[in-house]
Amino acid sequence: MTINRVLNCRGLSLPLGDRTIIMGILNVTPDSFSDGGRYIEPELAVERARQMLEEGADILDVGGESTRPGFAAVPEEEELRRVIPVIRALKAAGIEAPISVDTYKAEVARQALEAGAHMMNDIWGLQKDPMMASVAAEYGRPIVLMHNRTEAVYANFIQDVIGDLQNIVERALLAGIREEQIILDPGIGFAKSYEQNLQLMNYLDRIVQIGFPVLLGTSRKSMIRTTLELPPDDVVEGTAATVALGIAQGCRIMRVHDVKAMKRVVAMTDAIVRNK
């Protein structure tokens, strides 16, 4: 199944289908697993954002809470203190690319949208904060809904992941979120074992068949680090393999740290896949 549509990001449009879209990761946290503390100051975040855009990023994903394994939840006030000044700085610097806010908290999403963010990225797929769906519906912006669970317990792993995502979509539509603003994320690395993550990578086309654009976020994940037995900043080749596989199965957006290298991987894989 091919999902072709134009993502309307607060006046900025991104066509999904002509080529794979790259979402550059901009962590403004002191404790992210691979780049914690590097871009927490607004001026450093702006510098990094400009670098990623020059390297080929289409979207900037700003996150103020680390989601590494065993992470401690950040209070709402602290997340706002980290995220909002960076979004304002990006807007003040004239950054014109769509800005995504990586949060599952409704108030953080609301204030980020008011500060200039164009879309939302919810790692809990509307399940953590009951007000998140209403914020997304009220502002009418694109939202990434990721698969996640509190426990990695499944009866039939692939079918359960698909069923969970279908339930998330139903919840979103019932809340008033428009169908054309929904993006799905299979949630590689979240509530899944090493073996389950590898298995899911072979069934991404089944996620695509649900009928929405799919974002894939595998960059520097433990699945890759474990396989290669390498640290987070030395797994660019492993990330490249997952990106190419994701594109071949129909995923439309790649969320990555290493924009320059992944831009080349995306361009080459797009050329092959679109020449079938």
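The values are calculated or read from the model by the stated rules, or taken from the named source; none is laboratory data. Note that the coordinates shown come from a computational prediction; the quantities given were computed from them, not determined experimentally. Glycine also receives a Cβ, built like all others from the backbone with ideal geometry; neighbour counts cover every protein chain displayed. When the accessible area is computed, the model is the full protein with side chains, heavy atoms only, and any ligands, DNA or RNA have been set aside. Shrake-Rupley method; radii C 1.70, N 1.55, O 1.52, S 1.80 Å.
Just the residues that are assigned to a loop (DSSP other than H, G, I, E, B), open to solvent by 30 Å² or more (accessible area, probe 1.4 Å) and under 20 Å from GLY163 (Cα atoms), please, taken from the stretch 192-222.
Result: SER193, ASN202, TYR203, GLN209, ILE210.
Test THR103 against the stated conditions and say whether it is at pLDDT below 95 and at negative phi.
It is false that THR103 is at pLDDT below 95 and at negative phi.
Could you look through the stretch 223-233, keep only residues that are at pLDDT below 95 and assigned to a helix (DSSP H, G or I), and pick out the one that is surrounded by the fewest Cβ atoms within 10 Å (Cβ to Cβ)?
ASP233
Restricting to the stretch 68-91, give me the number of residues that are open to solvent by 10 Å² or more (accessible area, probe 1.4 Å) and either in contact with a Pro (Cβ under 9 Å, 6 or more places away or on another chain) or of a type outside the set (A, V, I, L, M) (or both).
Matching residues across the stretch 68-91 total 14.
Considering only the stretch 81-113, how many residues are in contact with a helix residue (DSSP H, G or I) (Cβ under 8 Å, 6 or more places away or on another chain) and polar (S, T, N, Q)?
2
Can you tell which of MET120, MET132 is more than 23 Å from ARG5 (Cα to Cα) and open to solvent by less than 10 Å² (accessible area, probe 1.4 Å)?
That would be MET132, the only listed residue that is more than 23 Å from ARG5 (Cα to Cα) and open to solvent by less than 10 Å² (accessible area, probe 1.4 Å).
Against the definition (free of Cβ contacts under 8 Å to residues at least 40 places away in the same chain and crowded, with 23+ Cβ neighbours inside 10 Å), how does MET146 come out, yes or no?
The answer is no for MET146.
Name the one entry in ILE158, ILE168 that is at pLDDT 95 or above, farther than 22 Å from ASP102 by Cα and either surrounded by 21 or more Cβ atoms within 10 Å (Cβ to Cβ) or among the hydrophobic types (A, V, I, L, M, F, W, C) (or both).
The unique qualifying residue is ILE158.
If you take the residues of the stretch 234-257 that are surrounded by fewer than 22 Cβ atoms within 10 Å (Cβ to Cβ) and charged (D, E, K, R), which of them is modelled with the highest pLDDT?
By that ranking, first place goes to GLU237.
Just to verify a result, which residue in the stretch 6-40, among those that are acidic (Asp, Glu) and either touching a Lys or Arg at 6+ places or on another chain (Cβ under 7 Å) or at pLDDT below 85 (or both), is surrounded by the most Cβ atoms within 10 Å (Cβ to Cβ)?
Among those that are acidic (Asp, Glu) and either touching a Lys or Arg at 6+ places or on another chain (Cβ under 7 Å) or at pLDDT below 85 (or both), it is ASP35.
Show the residue pairs that are 6+ apart or on different chains and have beta-carbon atoms under 6 Å apart, the first residue being within the stretch 185-214 and without any contact (Cβ under 8 Å) to a residue 24 or more places away in the chain, the second being open to solvent by 10 Å² or more (accessible area, probe 1.4 Å) and in a loop (DSSP other than H, G, I, E, B).
Filtered contacts from the stretch 185-214: no entries.
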